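Report on the following structure.
The values are calculated or read from the model by the stated rules, or taken from the named source; none is laboratory data. All figures in this text were calculated on a predicted structure; none of them were measured in a lab. As a convention, Cβ positions derive from the backbone with ideal geometry for all residues, glycine included, and neighbour counts pool all protein chains shown.
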Amino acid sequence: MKQKKPQNAMDNMNAVENEQILDSDFAYVERKGDIHDAKLQTKPTTFFKDAMKRFLKNKSSVVASVILFTLIAMAVIVPLANQNNIDRPAELVMHYLPPKWFDVNDAHFMDGTRYVTEEALDPATGTIGSESIYRANAIVGEIKKTSTFTDDTNDSVLTYGKGGDISIQAVELNATAGIMSMPYLVDFSNKLSYTVTFDVEEMQAKNTTAPSYFIGYVFDYNDHEHIVPLAHSPEGEYVEKLEVEDATSAFRSSEFYKGLEADEQDALEASFQPRFMIGMDAWDEFGSETLTLNLLYVTNVSSALENEDPDYADKVKVMAFSDATKAYATTDPESVDANKNPIGYRAYGNYSGLGLHNSEVIFGSFIYDCYEGAFGIAERQFSSGDIEGYVKKGYITVDQNAIDALPTALTAQPIPEGFSGVQLTELGEKFCPLRKITSYTKPKGRYSGVTLIGDCSYYRYYYDVGMISTCDMPRYFFGTNAQGKDFFKLIFAGLLSSLGIGLMSAAINIFVGLIWGAISGYFGGVTDLIMERVTEILGGMPWIVLMTLIILLLGSNSWTFLLALCLTGWMGTASLTRSQFYRYKGREYVLASRTLGASDFRLIFRHILPNAMGTIITSSVLMIPSVIFTEANIAYLLPNLYQSSTQSFGLALQAAQSDIAQYPYLIITSSIIMMLIMISFNLFGNGLRDAFNPSLKGADE
């Protein structure tokens with residue numbers, strides 16, 4: 001018989017009671033993977049622990065913080081650990097050394113080498129000469145040689161160049177320009193001839209019209225200077241040679257000579273000491289309106305005597321030259337011969353340029369180890385005072401008898417073979433600059449005048465005199481600047497100073513901005529209206545004008561710059577804080593706290609401000625790199641306005657800006673540090689903003 005279905009709840013209960021229910025009829029059911037009766041495994045956490053957990057999940061912010069704190073640590077450690085002096089200029093050889101991280105390698109990258117081009121070579125030896133600023137032992141590999149022409153006038157070109165022209169440029173109206181020899185006594189009884197050759201092809205290429213040029217005498221007579229041409233170029237024409245077959249006849253035919261009385265002529269001839277001159281006539285703007293350039297190229301000068309009297313021939317020899325490059329080398333007023341007598345030609349009159357043109361030179365290009373050249377082995381003279389100093393320091397021992405036994409030598413003489421008068425000690429092997437003696441000088445009977453000449457280890461020498469910090473071959477990671485200062489230490493010392501200014505200004509601006517913004521945003525109304533008008537008045541004044549006025553009134557230094565930053569720098573934080581207070585002060589939890597009797601102080605600093613800290617912290621952290629960037633910009637763009645007695649990042653950039661074309665590594669390295677600081681602070685601030693955002697508390701992602 002079919003069982004009757006229960007009709008109501010009472011019937012259902014009766015049916016259940018009539019049946020036996022077993023434990024096996026029950027089973028645990030897992031829904032959506034959650035076991036609801038398991039004990040919670042999480043632990044209570046604090047706001048800052050939760051913020052740190054979220055910050056560590058932001059990988060970019062973590063990497064940025066590592067870079068940032070590494071740079072800050074280096075800014076503290078490098079100036080303390082690196083003992084290189086950056087307060088005074090170093091030796092000239094230390095200027096502009098390139099960065100060195102590795103020893104010399106085939107890549108020639110960051111190994112202290114530099115590629116040198118167009119260095120004049122000695123044709124006899126095929127290498128650089130003693131006049132060069134480079135040292136032969138510091139050249140890496142072979143020298144690539146090319147023969148070419150140049151207008152350079154450095155010592156190497158003047159020493160090893162040949163041929164060419166002496167160029168005389170005159171662009172001033174109504175002025176005679178040229179070159180003149182040393183004075184010499186004219187012998188009117190001897191026939192003297194001159195021939196001067198000009199580079200007509202170059203003159204035609206450079207001049208708009210043919211200049212009027214001449215050869216002749218320039219001399220003083222009766223307290224007046226006179227110029228007497230002996231040969232002259234035809235008007236408006238170029239001539240390759242100006243010749244005078246008989247200078248005596250040409251001079252006697254001049255208007256000047258004819259204008260003298262007979263006794264005056266005799267007196268003049270008895271003691272006539274003119275200078276031989278090669279020059280251009282003065283011109284006026286009405287006579288040659290199209291003349292915009294007046295260039296003369298003198299190739300060589302020759303002279304000949306009818307009677308080759310040896311004594312007189314030497315006196316007139318100073319006027320002749322066959323090599324313009326060698327002649328130009330003696331245009332320096334200090335050029336003298338072995339007897340200290342002035343030699344060569346000198347510039348005359350009003351000229352705008354005196355130079356060398358088309359000197360033929362063998363140039364070399366090579367890779368140069370700048371550190372070996374500056375700190376390696378090179379010849380040096382060691383005085384008796386140097387030797388005595390090394391003895392006192394325990395670097396060497398001296399055998400007085402061996403020194404006394406050296407023969408007298410007024411000029412450098414090779415050291416005798418087997419000489420053992422000077423010996424290095426064990427300490428000297430490490431520290432003594434004198435490594436080997438090659439020659440000496442010794443005035444008779446004067447031990448104090450003995451000078452030893454030999455190989456000097458210059459990094460040991462600079463360490464001994466206190467120019468470098470360790471007795472090892474130096475390495476400058478960022479190279480050296482125009483004063484030879486270690487740019488690596490200079491940058492981080494400046495960064496430390498700039499960070500200090502940034503931290504102080506940020507702390508002051510944040511404190512003032514938080515207080516001002518909190519009061520303005522919390523109370524609102526008339527209080528907010530008055531405080532906002534004050535902010536607008538201060539913000540309406542251009543900051544650069546304000547800073548300029550402060551510096552002009554109080555002087556240019558770091559403290560006045562800090563004051564300028566703090567006068568208006570707090571307004572950004574104040575505005576941001578005010579907006580955050582308007583956002584949160586009407587929330588339910590604030591109203592609840594006020595209802596429970598919380599004071600204004602507690603509401604501001606315990607309930608509202610913590611919830612606004614994420615955005616405020618981000619802007620505050622970014623304030624530090626902003627200050628560094630501002631200081632760098634001011635020092636870089638306004639070097640005459642902002643100066644400081646302490647190192648700063650901006651001043652380091654300012655000092656390197658003039659070398660940006662020739663030594664770009666100075667700007668590149670400092671710019672990389674600046675870039676890392678700015679990016680790291682930015683990412684670090686963004687990470688802090690997300691970490692301190694209360695709405696993300698407890699979120700896993």
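Quick check on this structure: which one of Ala15, Ala73 is assigned to a helix (DSSP H, G or I), surrounded by 10 or more Cβ atoms within 10 Å (Cβ to Cβ), modelled with pLDDT under 80 and not charged (D, E, K, R)?
Unique residue meeting the criteria: Ala15.
Does Ala51 satisfy the criteria of being modelled with pLDDT of 65 or more and touching a helix residue (DSSP H, G or I) at 6+ places or on another chain (Cβ under 7 Å)?
yes
For region 196-211, give me the residue count where each residue is part of a loop (DSSP other than H, G, I, E, B) and either surrounded by 21 or more Cβ atoms within 10 Å (Cβ to Cβ) or not assigned by TED's automatic domain parsing to the domain that holds Glu235 (or both).
Residues in region 196-211 being part of a loop (DSSP other than H, G, I, E, B) and either surrounded by 21 or more Cβ atoms within 10 Å (Cβ to Cβ) or not assigned by TED's automatic domain parsing to the domain that holds Glu235 (or both): 2 in total.
Please go through region 447-497 and give me each residue that is part of a strand (DSSP E or B) and closer than 30 Å to Pro625 by Cα, ordered by number.
Within region 447-497, Thr480, Asp486 meet the criteria.
Only one residue in Asn190, Asn154, Asn222, Asn174 is modelled with pLDDT under 90, polar (S, T, N, Q), out of contact with any Asp or Glu (no Cβ under 9 Å at 6 or more places or on another chain) and surrounded by fewer than 18 Cβ atoms within 10 Å (Cβ to Cβ), so which one is that?
Just a single option satisfies the conditions, and that option is Asn222.
What are the residues in region 424-446 that are surrounded by 21 or more Cβ atoms within 10 Å (Cβ to Cβ) and either aliphatic (A, V, I, L, M) or in a strand (DSSP E or B) (or both), if any?
Leu434, Tyr440 - these are the residues of region 424-446 that are surrounded by 21 or more Cβ atoms within 10 Å (Cβ to Cβ) and either aliphatic (A, V, I, L, M) or in a strand (DSSP E or B) (or both).
For region 322-338: of the residues being outside any helix (DSSP H, G or I) and either touching a Cys at 6+ places or on another chain (Cβ under 8 Å) or in contact (Cβ under 8 Å) with a residue 24 or more places away in the chain (or both), which is nearest to Asn190 (Cα to Cα)?
The qualifying residue nearest to Asn190 (Cα to Cα) is Asp323.
Can you find even one residue in region 273-280 that is surrounded by fewer than 18 Cβ atoms within 10 Å (Cβ to Cβ), in the same structural domain as Ala210 (by TED's automatic domain parsing) and at pLDDT below 90?
Looking through region 273-280, none of the residues is surrounded by fewer than 18 Cβ atoms within 10 Å (Cβ to Cβ), in the same structural domain as Ala210 (by TED's automatic domain parsing) and at pLDDT below 90.
Out of Ala635, Ala652, which single residue is part of a helix (DSSP H, G or I) and at pLDDT below 80?
Ala635
For region 304-328, what are the residues that are surrounded by fewer than 19 Cβ atoms within 10 Å (Cβ to Cβ) and either at pLDDT 80 or above or not assigned by TED's automatic domain parsing to the domain that holds Asn207 (or both)?
Ala304, Leu305, Glu306, Ala320, Ser322, Asp323, Lys326
So Leu97 clears everything in (1) in contact with a Cys (Cβ under 7 Å, 6 or more places away or on another chain); (2) of a type outside the set (Gly, Ala, Ser); (3) surrounded by fewer than 15 Cβ atoms within 10 Å (Cβ to Cβ) except one condition, right? Which one?
(3)
Could we say that Ser352 is modelled with pLDDT under 80 and surrounded by fewer than 20 Cβ atoms within 10 Å (Cβ to Cβ) here?
yes
Return a yes/no flag: does region 686-699 have any residue that is surrounded by 22 or more Cβ atoms within 10 Å (Cβ to Cβ), modelled with pLDDT of 80 or more and closer than 24 Å to Asn633 by Cα.
The answer is no; no qualifying residue exists.
Do you know which residues across region 377-408 are among the small types (Gly, Ala, Ser) and either modelled with pLDDT of 95 or more or buried (at least 18 other Cβ atoms within 10 Å of the Cβ) (or both)?
Across region 377-408, the qualifying residue is only Ala378.
Restricting attention to region 54-70, and to residues there that are touching a residue at least 12 places away in the same chain (Cβ under 8 Å) and among the basic types (Lys, Arg), which single residue is surrounded by the fewest Cβ atoms within 10 Å (Cβ to Cβ)?
Among them, the one singled out is Lys57.
Conditions first: (1) surrounded by 20 or more Cβ atoms within 10 Å (Cβ to Cβ); (2) closer than 30 Å to Phe198 by Cβ. Gly421 passes all but one, so which condition is the exception?
Every condition holds for Gly421 apart from (2).
Only residues that are in a helix (DSSP H, G or I) and touching a helix residue (DSSP H, G or I) at 6+ places or on another chain (Cβ under 6 Å): list them for region 658-672, please.
The answer is Asp659, Leu666, Ile667, Ser670.
Just wondering, is there one or more residues in region 143-166 that are part of a strand (DSSP E or B), in contact with a Leu (Cβ under 9 Å, 6 or more places away or on another chain) and within 21 Å of Gly279 (Cα to Cα)?
yes
Does Pro89 fit the bill of being modelled with pLDDT of 90 or more and under 30 Å from Asn481 (Cβ atoms)?
Considered against the rule, which asks whether it is modelled with pLDDT of 90 or more and under 30 Å from Asn481 (Cβ atoms), Pro89 comes out as no.
Name the residues in region 569-612 that are free of Cβ contacts under 8 Å to residues at least 60 places away in the same chain and touching a Gly at 6+ places or on another chain (Cβ under 6 Å), would you?
Met571
Any residue at all in region 254-272 that is at pLDDT 90 or above, under 24 Å from Ser302 (Cβ atoms) and assigned to a loop (DSSP other than H, G, I, E, B)?
The answer is yes; a qualifying residue exists.
Results for (1) more than 22 Å from Ile634 (Cα to Cα); (2) crowded, with 20+ Cβ neighbours inside 10 Å, shown as yes or no for each residue.
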{"site": "Phe487", "(1), (2)": "no, yes"}
{"site": "Ala507", "(1), (2)": "no, no"}
{"site": "Leu514", "(1), (2)": "yes, yes"}
{"site": "Gly517", "(1), (2)": "yes, yes"}
{"site": "Val526", "(1), (2)": "yes, no"}
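Of Arg578, Arg583, which residue is among the charged types (D, E, K, R), within 21 Å of Arg689 (Cβ to Cβ) and surrounded by 21 or more Cβ atoms within 10 Å (Cβ to Cβ)?
Arg578
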